[in-house]
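Reading through the C-alpha coordinates given below for one structure.
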Amino acid sequence: MASTGGSADQDVIDVLTEDHREVRELANQISASSDADERRDLTDQLIAELVRHSVAEEMYVYPALRDHLPDGDQAVEHDTEEHRELEALMKQLESADAGTTEFEGALRQLQQVLVDHVQDEETEQFPQLRAHLPAATLVELKEKVEHAKRLAPTRPHPAAPNAELFHKLVGPGVGLVDRLRDKLTDRSTERS
(Lines give C-alpha, C1' and ligand atoms only; values in the text may rest on other atoms or scores of the structure.)
Protein backbone atom coordinates (compact mmCIF):
# COMPACT_ATOMS: atom_id res chain seq x y z
CA MET A 1 0.00 0.00 0.00
CA ALA A 2 1.27 3.37 -0.86
CA SER A 3 2.82 5.35 1.93
CA THR A 4 0.63 8.10 3.21
CA GLY A 5 3.34 10.63 2.62
CA GLY A 6 3.98 11.02 6.33
CA SER A 7 1.10 13.30 7.23
CA ALA A 8 1.68 14.63 10.74
CA ASP A 9 -2.01 14.17 11.52
CA GLN A 10 -1.95 10.43 10.86
CA ASP A 11 -1.04 7.66 13.24
CA VAL A 12 -0.60 3.91 12.89
CA ILE A 13 -4.33 3.28 13.18
CA ASP A 14 -5.06 5.64 10.29
CA VAL A 15 -2.44 3.91 8.12
CA LEU A 16 -3.66 0.40 8.93
CA THR A 17 -7.29 1.39 8.38
CA GLU A 18 -6.37 2.80 4.97
CA ASP A 19 -4.54 -0.46 4.21
CA HIS A 20 -7.73 -2.35 5.05
CA ARG A 21 -9.78 -0.15 2.72
CA GLU A 22 -7.29 -0.60 -0.14
CA VAL A 23 -7.11 -4.39 0.27
CA ARG A 24 -10.91 -4.72 0.31
CA GLU A 25 -11.05 -2.54 -2.80
CA LEU A 26 -8.49 -4.76 -4.58
CA ALA A 27 -10.45 -7.89 -3.64
CA ASN A 28 -13.64 -6.33 -5.00
CA GLN A 29 -11.86 -5.39 -8.25
CA ILE A 30 -10.67 -8.98 -8.64
CA SER A 31 -14.20 -10.28 -8.10
CA ALA A 32 -15.64 -7.81 -10.61
CA SER A 33 -13.10 -8.49 -13.34
CA SER A 34 -13.59 -11.14 -16.02
CA ASP A 35 -10.16 -10.61 -17.62
CA ALA A 36 -7.75 -13.33 -16.44
CA ASP A 37 -4.60 -11.21 -16.89
CA GLU A 38 -6.11 -8.31 -14.96
CA ARG A 39 -7.27 -10.67 -12.21
CA ARG A 40 -3.74 -12.12 -11.96
CA ASP A 41 -2.13 -8.65 -11.70
CA LEU A 42 -4.68 -7.48 -9.12
CA THR A 43 -4.25 -10.71 -7.16
CA ASP A 44 -0.46 -10.30 -7.10
CA GLN A 45 -0.94 -6.73 -5.83
CA LEU A 46 -3.43 -7.91 -3.20
CA ILE A 47 -1.06 -10.62 -2.00
CA ALA A 48 1.90 -8.25 -1.79
CA GLU A 49 -0.15 -5.65 0.08
CA LEU A 50 -1.58 -8.15 2.56
CA VAL A 51 1.80 -9.74 3.25
CA ARG A 52 3.47 -6.38 3.88
CA HIS A 53 0.60 -5.24 6.09
CA SER A 54 0.56 -8.48 8.11
CA VAL A 55 4.31 -8.51 8.67
CA ALA A 56 4.29 -4.88 9.84
CA GLU A 57 1.41 -5.58 12.23
CA GLU A 58 3.19 -8.61 13.68
CA MET A 59 6.40 -6.62 14.14
CA TYR A 60 5.02 -3.52 15.82
CA VAL A 61 1.27 -3.47 16.39
CA TYR A 62 0.83 -6.87 17.98
CA PRO A 63 3.50 -6.23 20.64
CA ALA A 64 1.64 -3.00 21.50
CA LEU A 65 -1.65 -4.92 21.71
CA ARG A 66 -0.04 -7.47 24.04
CA ASP A 67 1.47 -4.79 26.25
CA HIS A 68 -1.43 -2.35 26.47
CA LEU A 69 -4.76 -4.16 26.03
CA PRO A 70 -6.35 -6.08 28.90
CA ASP A 71 -6.98 -9.07 26.62
CA GLY A 72 -3.97 -8.36 24.40
CA ASP A 73 -2.52 -11.87 24.39
CA GLN A 74 -5.85 -13.39 23.38
CA ALA A 75 -6.45 -10.73 20.68
CA VAL A 76 -2.97 -11.28 19.19
CA GLU A 77 -3.40 -15.06 19.16
CA HIS A 78 -6.73 -14.68 17.34
CA ASP A 79 -5.28 -12.18 14.85
CA THR A 80 -2.19 -14.31 14.24
CA GLU A 81 -4.38 -17.32 13.50
CA GLU A 82 -6.29 -15.22 10.96
CA HIS A 83 -2.98 -14.15 9.41
CA ARG A 84 -2.07 -17.84 9.05
CA GLU A 85 -5.41 -18.51 7.34
CA LEU A 86 -4.88 -15.54 5.03
CA GLU A 87 -1.36 -16.74 4.17
CA ALA A 88 -2.60 -20.20 3.25
CA LEU A 89 -5.34 -18.69 1.08
CA MET A 90 -2.87 -16.29 -0.55
CA LYS A 91 -0.61 -19.24 -1.34
CA GLN A 92 -3.58 -20.93 -3.06
CA LEU A 93 -4.37 -17.75 -5.00
CA GLU A 94 -0.73 -17.31 -5.96
CA SER A 95 -0.63 -20.67 -7.74
CA ALA A 96 -4.23 -20.94 -9.01
CA ASP A 97 -5.30 -20.01 -12.52
CA ALA A 98 -7.40 -16.85 -12.18
CA GLY A 99 -10.26 -18.37 -14.17
CA THR A 100 -10.80 -21.53 -12.12
CA THR A 101 -13.31 -22.44 -9.45
CA GLU A 102 -10.34 -23.13 -7.13
CA PHE A 103 -9.32 -19.48 -7.50
CA GLU A 104 -12.89 -18.25 -6.94
CA GLY A 105 -13.27 -20.37 -3.81
CA ALA A 106 -9.96 -19.22 -2.34
CA LEU A 107 -10.82 -15.58 -3.12
CA ARG A 108 -14.22 -15.87 -1.41
CA GLN A 109 -12.65 -17.49 1.65
CA LEU A 110 -9.95 -14.84 1.80
CA GLN A 111 -12.56 -12.09 1.64
CA GLN A 112 -14.52 -13.72 4.49
CA VAL A 113 -11.48 -14.04 6.76
CA LEU A 114 -10.44 -10.51 5.85
CA VAL A 115 -13.85 -9.05 6.76
CA ASP A 116 -13.73 -10.71 10.19
CA HIS A 117 -10.12 -9.69 10.78
CA VAL A 118 -10.71 -6.06 9.79
CA GLN A 119 -13.86 -5.82 11.88
CA ASP A 120 -12.07 -7.11 15.00
CA GLU A 121 -9.22 -4.67 14.56
CA GLU A 122 -11.22 -1.60 13.60
CA THR A 123 -14.12 -1.97 16.06
CA GLU A 124 -12.34 -3.44 19.08
CA GLN A 125 -8.54 -3.31 19.03
CA PHE A 126 -7.80 0.01 17.34
CA PRO A 127 -10.12 2.04 19.61
CA GLN A 128 -8.51 0.36 22.63
CA LEU A 129 -5.03 1.21 21.35
CA ARG A 130 -6.08 4.86 20.95
CA ALA A 131 -7.43 4.81 24.49
CA HIS A 132 -4.32 3.24 26.02
CA LEU A 133 -1.43 4.77 24.06
CA PRO A 134 -0.37 8.41 23.82
CA ALA A 135 -0.85 10.04 20.41
CA ALA A 136 2.92 10.47 20.02
CA THR A 137 3.45 6.73 20.48
CA LEU A 138 0.83 5.96 17.82
CA VAL A 139 2.65 8.30 15.42
CA GLU A 140 5.98 6.58 16.23
CA LEU A 141 4.34 3.23 15.51
CA LYS A 142 3.13 4.59 12.16
CA GLU A 143 6.71 5.40 11.15
CA LYS A 144 7.90 1.93 12.17
CA VAL A 145 5.03 0.21 10.34
CA GLU A 146 5.63 2.20 7.14
CA HIS A 147 9.35 1.36 7.28
CA ALA A 148 8.61 -2.31 7.90
CA LYS A 149 6.23 -2.47 4.93
CA ARG A 150 8.98 -1.16 2.63
CA LEU A 151 11.31 -4.02 3.64
CA ALA A 152 8.76 -6.80 4.14
CA PRO A 153 8.28 -9.83 1.90
CA THR A 154 5.80 -9.55 -0.96
CA ARG A 155 4.84 -13.22 -1.15
CA PRO A 156 3.17 -15.52 1.37
CA HIS A 157 5.46 -17.82 3.35
CA PRO A 158 3.03 -19.96 5.36
CA ALA A 159 5.80 -22.10 6.86
CA ALA A 160 7.55 -19.06 8.35
CA PRO A 161 6.78 -18.07 11.94
CA ASN A 162 4.34 -15.20 12.49
CA ALA A 163 6.64 -13.67 15.07
CA GLU A 164 8.10 -10.23 15.72
CA LEU A 165 11.69 -11.48 16.17
CA PHE A 166 11.61 -13.60 13.01
CA HIS A 167 10.27 -10.67 10.96
CA LYS A 168 12.88 -8.28 12.34
CA LEU A 169 15.85 -10.63 11.84
CA VAL A 170 14.95 -12.60 8.72
CA GLY A 171 12.13 -10.62 7.11
CA PRO A 172 14.26 -7.99 5.34
CA GLY A 173 16.31 -10.73 3.63
CA VAL A 174 13.19 -12.64 2.61
CA GLY A 175 11.69 -9.36 1.40
CA LEU A 176 14.77 -8.66 -0.71
CA VAL A 177 14.57 -12.10 -2.34
CA ASP A 178 10.82 -11.68 -2.96
CA ARG A 179 11.30 -8.26 -4.57
CA LEU A 180 14.09 -9.68 -6.77
CA ARG A 181 11.83 -12.56 -7.84
CA ASP A 182 9.02 -10.06 -8.50
CA LYS A 183 11.29 -7.98 -10.73
CA LEU A 184 12.63 -10.99 -12.63
CA THR A 185 9.13 -12.32 -13.30
CA ASP A 186 7.47 -8.92 -13.92
CA ARG A 187 5.08 -9.64 -11.04
CA SER A 188 2.88 -6.67 -10.25
CA THR A 189 3.15 -5.77 -6.55
CA GLU A 190 2.21 -2.10 -6.54
CA ARG A 191 -1.06 -0.42 -7.41
CA SER A 192 -0.90 1.61 -10.60
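Annotations
- Of all residues in region 7-22, none are modelled with pLDDT under 95, under 30 Å from T100 (Cα atoms), of a type outside the set (V, I, T) and crowded, with 20+ Cβ neighbours inside 10 Å.
- Of the residues making up region 112-139, those that are without any contact (Cβ under 8 Å) to a residue 60 or more places away in the chain and of a type in the set (D, E) are D116, D120, E124.
- Residue-level check: of (1) closer than 25 Å to A32 by Cα; (2) polar (S, T, N, Q); (3) under 19 Å from the mean Cα position of the chain (by Cα), T123 misses just (1).
- Test: residue in region 58-67 that is surrounded by fewer than 21 Cβ atoms within 10 Å (Cβ to Cβ), more than 12 Å from the chain's Cα centre (by Cα) and over 17 Å from H147 (Cβ atoms): yes
- Among the residues of region 130-148, at least one is in a helix (DSSP H, G or I) and closer than 21 Å to D44 by Cβ.
Yes or no, residue by residue, for (1) modelled with pLDDT under 95; (2) touching a Ser or Thr at 6+ places or on another chain (Cβ under 6 Å); (3) outside any helix (DSSP H, G or I):
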position	(1), (2), (3)
D120	yes, no, no
P158	yes, no, yes
N162	yes, yes, yes
D178	yes, yes, no
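The values are calculated or read from the model by the stated rules, or taken from the named source; none is laboratory data. Values in this document were obtained by computation on a predicted structure and should not be read as measured data. Reconstructed Cβ throughout: ideal geometry from the backbone, glycine too, with neighbour counts over all protein chains shown.
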